[in-house]
1. Taking only Cα atoms, what is the 0 to 90° angle, nearest 10, from helix 132-148's long axis to the longest principal axis of the chain?
2. To the nearest 20 Debye, how big is the dipole of region 197-295 about its Cα centre, given +1 on the beta carbon of each Lys and Arg and -1 on that of each Asp and Glu?
3. Enumerate the amide H contacts of G95 below 5 Å, restricted to partners 5 or more residues apart or on another chain; note that Pro and chain-start residues carry no placed amide H.
4. Could you work out [θ]222 nm for the chain from helices alone, using -39500 (n - 2.57) per DSSP H run of at least four and dividing by all its residues? Round to the nearest 500 deg cm²/dmol.
5. With unit charges on the beta carbons (Lys and Arg positive, Asp and Glu negative) and the dipole taken about the Cα centre of the chain, which residue among N223, A272, T256 sits farthest to the positive side?
6. In debye, nearest 20, what is the charge dipole magnitude of the chain about its Cα centre with +1 on Lys and Arg Cβ and -1 on Asp and Glu Cβ, if you could check?
7. Can you tell me the 0 to 90 degree angle between the C-alpha axis of helix 222-233 and the longest principal axis of the chain, rounded to 10?
8. Sorted by accessible area with a 1.4 angstrom probe, largest first, how do M218, M1 fall?
Amino acid sequence: MNSINSISEFHRLLSLPEPRHPLVSVINLAESVFLEDEVWKGFVNRFYCVALKREAKGKIRYGQQHYDYDKGVLSFTAPNQVQQLDLQNMECGSGYLLIFHPDFLLQHALATSIHHYGFFDYAVNEALHLSAEEEDDLITILHKIDKECQHIDKHTQEIILTQIESLLKYSNRFYERQFLTRKNNSLDLLTRFEQLIDDYFKSEVRGLLTVQYIAGQMNLSPNYLSDLLRVHTGQNTQQHIHEKLIAKAKEKLSTTSLSVSEIAYALGFEHAQSFSTLFKKKTNLSPLEFRQAFN
């Protein structure tokens, strides 16, 4: 797998001059020309990338699928995510790339808090679609970062990271807006989510139901699914799965004579003790205490 290790190397691949700052850069796509290079057939960046693309046309491969970019969208890539670009069917269009190396975050609170922004692990097709006003807000921030890169001194890192943090907070707000404004689509996904969980427990259970399994069945990234559910229901995917597990367990404890171990295995637990621990954590009763209280 090819690796793009530095901001400088990425600039070279886009036919751009050396970056003003070695660890952070704002790239104007209209000024970029992607070099014909084998690296694009499969690569990982060693840095974060926030891409604001306007009227861009092209295909990017994520996992086993290609996605078209033909509208203004905002997407996020964390270090070490595998990507492919199809240069034969690609036009840069206009827009900006904000790229910054993890080392730029060292000794700053953002080094830790950046992991709380789940959209860095969203799939490409889960990009954020911006309104004109939202787009203007983010471009203003990008221009400030670009300007600050021209004046490197002891204040540069703090000022730029404050701007990056602001951009991420705005993006969080805009994603929540997107979850809500695309209500019909979101409701369809929520209905399918519930149906998948029900179908899983109606079939012969093979192992514990996981967030990754459900997200995969829905062709969504785990983080996107959890964030969507949290906005609409107040609970993430794992919490929903646990809620359904406990409901199924209560049903079996109250309507069958199956042992606790048999119920645990029927629900996909490898060890009965793990089931009992989760059940007591959620209900304040052990499975046997629940059965006795119910009876």
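The values are calculated or read from the model by the stated rules, or taken from the named source; none is laboratory data. Treat the numbers as computed from the prediction; the structure is a model and nothing was measured. Cβ coordinates were reconstructed from backbone atoms using ideal geometry, including for glycine residues, and neighbour counts include every protein chain displayed. Heavy atoms of the whole protein, side chains included, go into the accessibility calculation; ligands, DNA and RNA do not. Shrake-Rupley method; radii C 1.70, N 1.55, O 1.52, S 1.80 Å.
1. So the inclination is approximately 60 degrees.
2. 220 debye
3. Under 5 Å from the amide H of G95: L29, A30, R54.
4. -15000 deg cm²/dmol
5. T256
6. Details: 30 positive and 36 negative charges, 222 e Å.
Result for the chain is approximately 1060 debye, rounded to the nearest 20.
7. 70 degrees
8. On the way: M218 10, M1 150 Å².
I get M1, M218, largest accessible area first.
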